[in-house]
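This report concerns only the one structure given below.
What follows draws every value from the coordinates through simple rules; no lab data is involved. What you see is a predicted model; the values in this text were computed from it and never measured. Positions of Cβ are backbone-derived with ideal geometry, glycine not excepted, and every protein chain shown enters the neighbour counts.
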Amino acid sequence: MKKERVFFITVADKPGVLFKITNIFRRRNFNIESVTVGKTLVKGESQIVIVINADDEEADSFARMVKKLIDVYEVIEAPKESCYAQELLLAKLDGEHEELEKLAKKYGAEVVENGSLIIKYAGEPSNVEMLAEELTRFKIIHISRTGITAVVKEDGKDILRFGR
Amino acid sequence: MASYISGAQALVRALEKEKVEVIFGIPGGATLTFYDALKDSSIRHVLARHEQSAAHMADGYARASGKVGVCTATSGPGATNLLTGIATAYLDSSPVVAITGQVAKDYIGKDAFQEIDTVGIYTPVVKYAFQPLSAAEIPFDVKAAFYIASTGRQGPVLIDVPKDVQIEKAEIDFPEKVEIKGYRPYISPHPEAVREAAKLIIQAQKPIILVGGGAVKSGVGPKVVELAEMLMIPVASTLMGKGAIPENHFLAVGPIGMHGTYHANTLIMESDLVIGIGVRFSDRTTMDIKEFSKDKIILHFDIDPTEARKNILNELPVIGDLNESVSMLVSEIRKMMPYTKDSPWYKRVKELKEYYEDKIFGENVMSPLVIKKIREVLHPDDIVTTEVGQAQAWAELFYKALAPRTFITSGGLGTMGFGFPAAIGAKVAKFDKTVVDIAGDGSFLMTSNSLATSVSEGIPVVVVILNNSVLGMIAQWQRIVYNNRYIASSLGETPNFPALAKAYGAEGVRVNGLEDFEKYLKEAIKSEVTYVIDVPISPEENVFPFVPAGKSLKEMIV
Ligand SMILES: Cc1ncc(C[n+]2csc(CCOP(=O)(O)OP(=O)(O)O)c2C)c(N)n1
């Protein structure tokens, strides 16, 4: 069954690695829903978190193909429901400060003021989605979303692990 | 011990340390410095006339010898020309190291003269791509490239060397060993998986072994023979698996697939268990994969974990070194072995094999006879390469490969023009063996300019052209699948091939009939220059059996 899958890919922190990984999804015409990259605690390594929509078979096959790349050290694949996932949203706006504060409160977001009016929210990806929708009431100057990052839940199901 | 040398000198010395004997290539602006350093080396350079052929030569050398083949091209057009050959090596898991020149670092990414994103375009068709950005990195990259190309599931590796890195001088160290994090080529098979496989095999009524390219490369053949004889079960092969075990063995049934033998295709479809060894169950081999895997157990022995369940979801994979896993399997089975000498399955195998082994389907077909004649004349360890098309399929069906690495063909990519340069590369590797390229006229025209290389470098091979004046395989499909609607498959007036050969300083003859062919083949084998034997055949000849795309192996047209 097609569903959102999260791939946690530990890689060598060097040029070209992200290209090789995304190229595997591109080759089979998959749209990547989101990618986040960050350093791990190990020097010379980073972790890429990729979300795609795929069925079991496709997910398994992608995990293997990605792991086959020499610069990839480990691949963990989990259905999104087996993960604790979060996304960060930043938006620079023009508008009523007070009205924005009200909206922020509803979501538990923060209004930052440093010359311009910024709303900052980190939370459930679905909440980010809703908040983004609501923000269209304002004049948005620039909106940035990170895409999701996540960790696998302790009792998460259907988790594939390759490497190490 | 470090020495103060240029990047190009380091590159050459690193290649010498890998015991490279020969490099196939064509120089250019971005490799002149490398070539200059090569002048002081004992490594032989064979000048190709097109970079695609240089890559096929390196590939043919690798496939014939088991060693890493090396080829080189300049940046830009050199690199793009080379690409087809590297992709060919990639799909057949052949260990080739490609060295390309690149423009100086500061010009990379700026559309400089002959600058192309070589690493970018090669990445999907190589095991790994290196681009050293300083001279000091070169020895590591070369050592790692050879290590990656030749271990695990083998394959091509690119080293793209910017021109200024070749020129730059530095104190350079040569590592004795490299370690590559994230690369673990040696995998030991799981004993539990092997035991499970053994149990299933013992329980099966109609097991069959299927060997592929991995079985050729690993040299696991003798153990496969032991397994087959112990169980008295047939051994089929893929196109790439030809020669893994001698095809004249009493249990060998030849290749399965689109152009598999009648008995092999029939037997594998009747079987209740397939022991795949070094195969990848590709579409040309299994044809309709649902039908293929229906009602049977598939065991899959392979070195590459990504092959497990790639094409057949419910198979039982045994991942690991084939020599280890098949040895383990043999001893497991020996423990439980009830002898099955006169099983109904063996009788069926024998019956089909006896009836179909020498059968030629179709009327007035000359090509199979020519191929059989080649087999008759050549020694068991002589080498045959093939082009692509009908000639390849006839060779697949009628040339019995008797030893590993003696049947060299572009199985995965199906690259026309592969056979002739690959033959030249194979000849360089095995100079005392006869090497014959079984060619169609269309394919030969793609790389026939390698005649210049073979003559000027003194590398004599034999080219047998099954000359039907058509792109035969295309014509066959148009005849059978597209209701005789021929388009763009006639080659019209094909060149006078003997004259073409002679123009290059090679030998050539057009033969008349089988006897004439035999006579000139024997002469060609003794020839000191490359010999082209032009064998006229009818444009209407079909290769049978033929399983049209989308059909199952049961639905052979004969
Ligand atoms: C480089 C390349 N281009 C096109 C094809 C498609 N193709 C497959 S077989 C074939 C015809 C081959 O003709 P020829 O070499 O004369 O051999 P024959 O089939 O007549 O034996 C063609 C065009 C291919 N396999 N490779």
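Overview of values
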quantity	calculated
Low-density loop positions, chymotrypsin sites (Phe, Trp or Tyr not before Pro), the range B:330-382 - DSSP coil, at most 11 other Cβ in 10 Å	B:339
Total charge dipole magnitude, the range B:3-172, about the Cα centre, Cβ charges on Lys, Arg, Asp, Glu only, Debye to nearest 20	480 debye
Debye, to nearest 20: dipole size of the range B:45-129, +1 on Lys, Arg Cβ, -1 on Asp, Glu Cβ	260 debye
Cα shape, the range B:191-356, gyration tensor, a/c 1.5 rule	rounded
Global form of the range B:35-126, assessed from the alpha-carbon gyration tensor, a/c cut-off 1.5	oblate
Residue order, fewest to most surrounding Cβ atoms within 10 angstrom, among B:300, B:56, B:190	B:190, B:300, B:56
Cβ-based net charge around residue B:89, under 14 Å, with every Lys or Arg adding one and every Asp or Glu removing one	+2
Counted charge near residue A:144, where neighbours are those whose Cβ lies closer than 13 Å (Asp, Glu -1; Lys, Arg +1)	+2
From the C-alpha gyration tensor of the range B:360-466, square roots of 5λ in Å	21, 16, 12
Restricting the range B:290-366 to trypsin sites (Lys or Arg not before Pro) in coil, as DSSP defines it, with at most 12 other Cβ within 10 Å	B:294, B:341
Cα gyration tensor category, rounded, prolate or oblate, for chain B with a/c compared to 1.5	oblate
Structure-based [θ]222 nm, chain A - -39500 (n - 2.57) summed over DSSP H runs of at least 4, per residue, nearest 500	-8500 deg cm²/dmol
Volume per residue of the C-alpha convex hull in the protein assembly as shown, rounded to whole Å³	195 Å³
Given charges at beta-carbon only (K, R positive; D, E negative), |dipole| of the protein assembly as shown in Debye	960 debye
Estimated 222 nm signal from helices in chain B, with DSSP H stretches of n ≥ 4 weighted -39500 (n - 2.57), rounded to 500	-11500 deg cm²/dmol
Net charge over other residues, Cβ less than 11 angstrom from the Cβ of residue B:126 (K, R count +1; D, E count -1)	+1
Positive-end extreme of charge dipole, the protein assembly as shown - chosen from B:453, A:117, B:308 (charges on Cβ)	B:308
Where N is the number of residues in the range B:3-172, Cα Rg divided by 2.2 N^0.38 Å	0.91
The range A:85-149: Rg to Rh, with Rh as the Kirkwood radius over Cα pairs	0.93
DSSP-defined antiparallel bridges as percent of all bridges, the protein assembly as shown, nearest 5	45 percent
Residues of type aspartates and glutamates that residue B:223 reaches as a straight line, Cα spacing below 17 Å, ignoring anything fewer than 8 places off in the same chain	B:247, B:302, B:321, B:324, B:332
Sparse-neighbour loop sites [trypsin sites (Lys or Arg not before Pro); the range B:119-182; at most 14 other C-beta within 10 Å; DSSP]	B:177, B:181
Simple label model, 7 Å out from Cα along Cβ direction - residue A:36 to residue B:477, nm	4.7 nm
Rg/Rh for chain A, where both radii come from Cα atoms and Rh is the Kirkwood radius	1.04
Estimated FRET transfer efficiency (residue B:343, residue B:190; beta-carbon r; R0 25 Å; 0.05)	0.30
